[in-house]
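Student: Okay, here's the structure, questions in a sec.
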Amino acid sequence: MDIWTNKGFSISTNKKYLDVDLIHNFLSQEAYWSKGIPKEIVIKSIENTPLCFGVYKGEISNEVGEQVGFARVITDLATYAYLCDVFILPDYRKLGLSKWLMHIITNHPELQGVRRFMLATKDAHSLYSKYGFEPIDNPELFMIKVRKSPYQQ
């Protein structure tokens, strides 16, 4: 488990530091992609994701700082990765935390061999393009199966 510090903030991949209540609150109430998601689903998604990144105010030591952001990377750590559930709390935006988080994620040693690194976004194209993400050249090659979840309206 890795920890990075910068200008009074920390990022860690240690899941024991994650504030699941905060993550669930943001994803279920604020995030356009997961409104209404049950806490049990958030917990299961974290448990089954190899790389979760928590962003914290303060340095992490024996006492965890206040969590202010989150991202997770669904991956096999070999060929494919999907970045999702990325957020920085509104009070901590415009401090460079999302850029720092993306730098940490895209340079993470366990993701360097991944050939296909994907994400979906409605409104953050300019952020992600700075880290090498670009529109899909041949979207007709991709397909998706979406099942209606009980929490979706």
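Student: Under the Karplus relation 6.51 cos²θ - 1.76 cosθ + 1.60, θ = phi - 60°, what is the ordered set of whole-Hz ³J(HN,Hα) values for region 65-75, x standing for Gly and Pro?
Tutor: Couplings: x, 6, 6, 10, x, 6, 7, 9, 10, 7, 7 Hz.
Student: For region 117-127, in order, what is each residue's ³J(HN,Hα) by Karplus, 6.51 cos²θ - 1.76 cosθ + 1.60 with θ = phi - 60°, in whole Hz (x at glycine and Pro)?
Tutor: Per residue, the Karplus-derived 3J(HN,Hα) values read 10, 10, 7, 10, 8, 9, 9, 10, 4, 5, 5 Hz.
Student: Rounded to the nearest 10 Å², what accessible area does I88 have for a 1.4 Å probe in the complete protein model?
Tutor: 10
Student: By the gyration tensor of its Cα atoms, with a ≥ b ≥ c the square roots of the eigenvalues, what is the shape of region 68-153: rounded for a/c under 1.5, prolate for a/b over b/c, or oblate? The partial results should precede the final answer.
Tutor: Details: a/c = 1.58, a/b = 1.15, b/c = 1.38.
Judged from the Cα gyration tensor, region 68-153 comes out oblate (a/c at least 1.5, b/c at or above a/b).
Student: Straight-line reach only, C-alpha to C-alpha below 20 angstrom: list the aspartates and glutamates that K94 could link to, leaving out same-chain residues fewer than 8 apart.
Tutor: Those aspartates and glutamates meeting the cut-off are E30, E59, E66, D85, D123.
Student: Placing unit charges on C-beta atoms (Lys and Arg positive, Asp and Glu negative, everything else neutral), compute the dipole magnitude of the chain about its Cα centre in debye, rounded to 20.
Tutor: My answer is approximately 300 debye.
Student: Among F53, F70, F133, which one moves the most in a GNM of the chain with springs linking Cα atoms closer than 10 Å?
Tutor: Most flexible of the set in this elastic network: F133.
Student: Could you pull out every residue, at least 5 positions away or on a different chain, whose amide H is within less than 5 Å of the one on G69? Hs are placed 1.01 Å off N in the peptide plane, and Pro or chain starts have none.
Tutor: V55, L89
Student: For S10, S45, write out the residues from largest to smallest accessible area, computed with a 1.4 angstrom probe and no ligands counted.
Tutor: S45, S10
Student: Please name which of I74, Y92, I60 has its Cα lying farthest along the dipole of region 50-92 towards the positive end, using unit charges on Cβ (Lys, Arg +1; Asp, Glu -1) and the Cα centre as origin.
Tutor: I74
Student: While we're on this one: Compute the Cα gyration tensor for the chain, then decide on rounded, prolate or oblate, letting a ≥ b ≥ c be the square roots of its eigenvalues: rounded whenever a/c is under 1.5, prolate when a/b is larger than b/c in the other cases, and oblate in all that remain.
Tutor: Since a/c reaches 1.5 but b/c is at least a/b, the shape of the chain is classed as oblate.
Student: When only the heavy atoms of the protein chains count and the probe is 1.4 Å, how do R93, R115, R147 rank by accessible area, highest first?
Tutor: Descending accessible area places them as R115, R147, R93.
Student: Also, quick follow-up: Could you order L127, L27 so the one with the most accessible surface comes first? Probe is 1.4 Å.
Tutor: Solvent-accessible surface, decreasing: L127, L27.
Student: Tell me the relative contact order for region 1-102 as a rounded percent, counting alpha carbon contacts under 8 Å between residues six or more apart.
Tutor: This gives 22 percent for region 1-102.
Student: Taking 0.36 nm per residue of separation and subtracting the Cα-Cα distance, what length does fully extending K15 through M118 add?
Tutor: Fully extending the segment from K15 to M118 adds 34.8 nm.
Student: So if I take the centroid of the Cα atoms in region 1-70 and the same for region 78-110, what is the distance between those two points in Å?
Tutor: With region 1-70 and region 78-110 each reduced to a Cα centre, they are spaced 11 Å.
Student: Further, regarding this structure: Please report, as a whole percent, how much of the solvent-accessible surface of the chain comes from carbon and sulfur atoms (probe radius 1.4 Å).
Tutor: Using a 1.4 Å probe with all protein chains present, the chain comes out at 50 percent carbon and sulfur.
The values are calculated or read from the model by the stated rules, or taken from the named source; none is laboratory data. Quick caveat: nothing in here was measured; it's all calculated off a predicted structure. Note that each Cβ is placed from the backbone with ideal geometry, even for glycine, and that neighbours are counted across all protein chains shown. The protein model used for the area step is the full one, side chains on, heavy atoms only, and it has no ligands, DNA or RNA in it. Shrake-Rupley method; radii C 1.70, N 1.55, O 1.52, S 1.80 Å.
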